[in-house]
């Protein structure tokens, strides 16, 4: 199965063309907030370098969040447009689920954390047993200590949130392990792997119903609600 995948949920812009477990082409670029300016050009480059056309794809896959409001919105809107335009199925991939595909994790707990700003993280807890992944908690946005309450044994942490709050994690969980930084950077190929699993499980792939997952209101929405309440 050939999949064109993207993850724009953080400041990393990453696009990949994968054929089953093979990566035909992939880009991973720190781009700040310039996803909208570079995403389509990156798609064209990745397809060209892989010797593929979008019509050759069996499916598309995009990270739907949680993550940066702007980044997630740009990625989802772009991929919905591409999927509808070329009449291909679109797999909606939760960002934190895809992050568990970034490394070969040993049996035990794995906790991906992304910086959510305002002193909080996006996070979830997963358990690996004999190569099988189980999601222990739902995605949530909170202070890192609230995530740690859910962890009562050794765990491996990854993501920019884990790096940012390393000292606070170690203060509560001295035995915590941290994945190598290379395993904390979002990659579109991980989104493609997760998408293939979702498709095999019969997940809905109708582009029309794919929507971002934010977990909380944007700062603009919060500010507007405050203004309305005060008036």
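The values are calculated or read from the model by the stated rules, or taken from the named source; none is laboratory data. Note that this is a predicted model, so its numbers are computed, not measured. Cβ atoms come from the backbone with ideal geometry, glycine included; neighbour counts cover every protein chain shown.
Take the conditions farther than 30 Å from residue 120 by Cα, touching a helix residue (DSSP H, G or I) at 6+ places or on another chain (Cβ under 6 Å) and assigned to a helix (DSSP H, G or I) and apply them to residue 83. Does it pass? Spelling it out, residue 83 is indeed farther than 30 Å from residue 120 by Cα, touching a helix residue (DSSP H, G or I) at 6+ places or on another chain (Cβ under 6 Å) and assigned to a helix (DSSP H, G or I). Summed over the range 40-71, the residues that are surrounded by 18 or more Cβ atoms within 10 Å (Cβ to Cβ), in a helix (DSSP H, G or I) and touching a strand residue (DSSP E or B) at 6+ places or on another chain (Cβ under 7 Å) give a count of 5.
Of the helices (runs of 4 or more DSSP H) entirely within the range 108-227, those holding at least 3 residues that are buried (at least 18 other Cβ atoms within 10 Å of the Cβ) and either modelled with pLDDT of 95 or more or under 19 Å from the mean Cα position of the chain (by Cα) (or both) occupy 144-148, 160-164, 188-200.
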